[in-house]
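The structure appears below as C-alpha cells.
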Amino acid sequence: MATGIRSTRASAAVDRLKRRTGITTYSMARTGAGHFFLSEKAGAPPLCPPMELDDFVKFVDGLGPQPEKRITKNDAAFEKQLVRKKQP
C-alpha cells in the first residue's frame, strides 16, 4: 500500500473524530517506522502508543460519541418482520 494512501486513511479517521467531538485541535503524527499516534493538539503528549494503520484507525474511530446508525425504510420493515416471526 502506498504511503500516501496510508496517511490519507489515518487522517480521514482523525477528521471523523474532529466532526464527532467538535474538538478541532486533534493532531495525528507518524513515526519514522510508519506508525501513527494521536494527540489532543500538535506538540501535546500522545493519547496512544504508536500503532499500525489498522489499529490506529480502529482506536480513533472508537473515541468520542459514535455516529447514529442509519437505517432505510426497507431495513426497518424487514426488522419488524423478523421480530414478528421470532415471537411464538
Item to check | Residue under evaluation Leu38, criteria (1) surrounded by 12 or more Cβ atoms within 10 Å (Cβ to Cβ); (2) in contact with a Pro (Cβ under 8 Å, 6 or more places away or on another chain); (3) in a loop (DSSP other than H, G, I, E, B), criterion not met | outcome: (3)
Next on the checklist: Test of understanding: among Lys85, Lys58, which residue is assigned to a helix (DSSP H, G or I), open to solvent by 60 Å² or more (accessible area, probe 1.4 Å) and at pLDDT below 90?
Outcome noted: Lys85
Checklist outcome for this item: Picked from the range 8-29 (must be aliphatic (A, V, I, L, M) and over 15 Å from Met51 (Cβ atoms)), the residue farthest from the chain's Cα centre (by Cα) is Ile23
Checklist entry - Looking at the range 41-53, is at least one residue surrounded by 13 or more Cβ atoms within 10 Å (Cβ to Cβ), in a helix (DSSP H, G or I) and in contact with a helix residue (DSSP H, G or I) (Cβ under 6 Å, 6 or more places away or on another chain)? => result yes
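The values are calculated or read from the model by the stated rules, or taken from the named source; none is laboratory data. Treat the numbers as computed from the prediction; the structure is a model and nothing was measured. Cβ atoms come from the backbone with ideal geometry, glycine included; neighbour counts cover every protein chain shown. All accessible areas refer to the heavy atoms of the entire protein, side chains included, with ligands and DNA or RNA removed. Shrake-Rupley method; radii C 1.70, N 1.55, O 1.52, S 1.80 Å.
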